[in-house]
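Data block below; observations after.
The values are calculated or read from the model by the stated rules, or taken from the named source; none is laboratory data. Keep in mind that what you see is a predicted model, and the values were worked out from it rather than measured. For neighbour counting, all protein chains shown are included, and Cβ atoms are generated from backbone atoms with ideal geometry for every residue, glycine included.
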Amino acid sequence: MKYYETVVIIHPAIEGGMLKDSIVEVQKLVEQKGGELKNTEVWGRKKLAYLIDKQKYGTYTMLQFIGDKIKINEMNVELEHNPNVLAYMTIKIDETEMREQTGDLDTQIDGQAPQAEAEETVVSSEEKTVDKTPEVSEDETKAIIKEEGDDLPKVDEPETPSSDESEDSQDKEN
């Protein structure tokens with residue numbers, strides 16, 4: 001058996017309970033074709049790079065599973081004929097690319113973070129504001145700026161006409 005990942009784009013008109021039913025339908029299809037489902041992630045509704053069936057948006061869902069190549073081809077044929085699926089792509093992956101299930105389907109569809117990720121450790125404000133810039137005295141700063149400024153090319157300043165030249169140019173214009 002080999003490891004596979006399928007990304008399915010579900011029609012944007014399908015939301016809520018119907019979305020869950022569509023995802024469960026795809027999960028059952030994987031299991032019917034002899035696949036062992038390991039992970040399902042709902043990435044949410046996203047704008048498509050180009051129109052698919054005249055749709056600008058789609059709900060992305062990724063499924064990772066273990067399966068057999070011949071059965072995966074049969075699954076892809078059935079996904080092709082599913083009216084709720086705008087597009088799909090199945091690729092073979094390494095075992096190291098397999099992810100762990102991040103939460104149940106309902107939580108992912110609602111857009112909430114899984115409980116394990118939602119629990120954050122409380123960090124005091126002193127730990128959050130740590131200044132990692134090295135301490136440099138004002139004299140050292142001026143020396144650094146002077147050294148760096150020496151490498152810069154010299155720019156000639158435009159000459160401003162003297163008051164006599166500016167009067168001459170005004171007379172020529174009149």
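Working only within the range 83-110, note down all residues that are among the β-branched types (Val, Ile, Thr) and either part of a strand (DSSP E or B) or touching a residue at least 12 places away in the same chain (Cβ under 8 Å) (or both).
The answer is 85, 90, 91, 93, 102, 109.
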Original post:
Restricted to the range 53-73, and to residues that are under 19 Å from the mean Cα position of the chain (by Cα) and aromatic (Phe, Trp, Tyr), which residue is surrounded by the most Cβ atoms within 10 Å (Cβ to Cβ)?
Top reply: 60
Original post:
Within the range 35-44, is even one residue in contact with a Phe, Trp or Tyr (Cβ under 6 Å, 6 or more places away or on another chain) and of a type in the set (Lys, Arg)?
Top reply: yes
Original post:
Just a yes or no: is a residue in the range 74-97 farther than 15 Å from residue 6 by Cα, surrounded by fewer than 16 Cβ atoms within 10 Å (Cβ to Cβ) and at pLDDT below 90?
Top reply: yes
Subject >> Cross-chain or 6+ apart pairs with Cβ under 9 Å, the range 39-60 first and of a type in the set (Asp, Glu), then outside any strand (DSSP E or B) and surrounded by 10 or more Cβ atoms within 10 Å (Cβ to Cβ) >> reply: 41/99; 41/101; 41/102; 41/103; 41/108; 53/11
Original post:
Any idea which of (1) in contact with an Asp or Glu (Cβ under 8 Å, 6 or more places away or on another chain); (2) of a type in the set (Gly, Ala, Ser); (3) at positive phi is the one residue 67 doesn't satisfy?
Top reply: (3)
**OP:** Taking only the range 15-59 into account, find how many residues are in a loop (DSSP other than H, G, I, E, B) and either over 12 Å from residue 109 (Cα atoms) or at pLDDT 90 or above (or both).
**Re:** 5
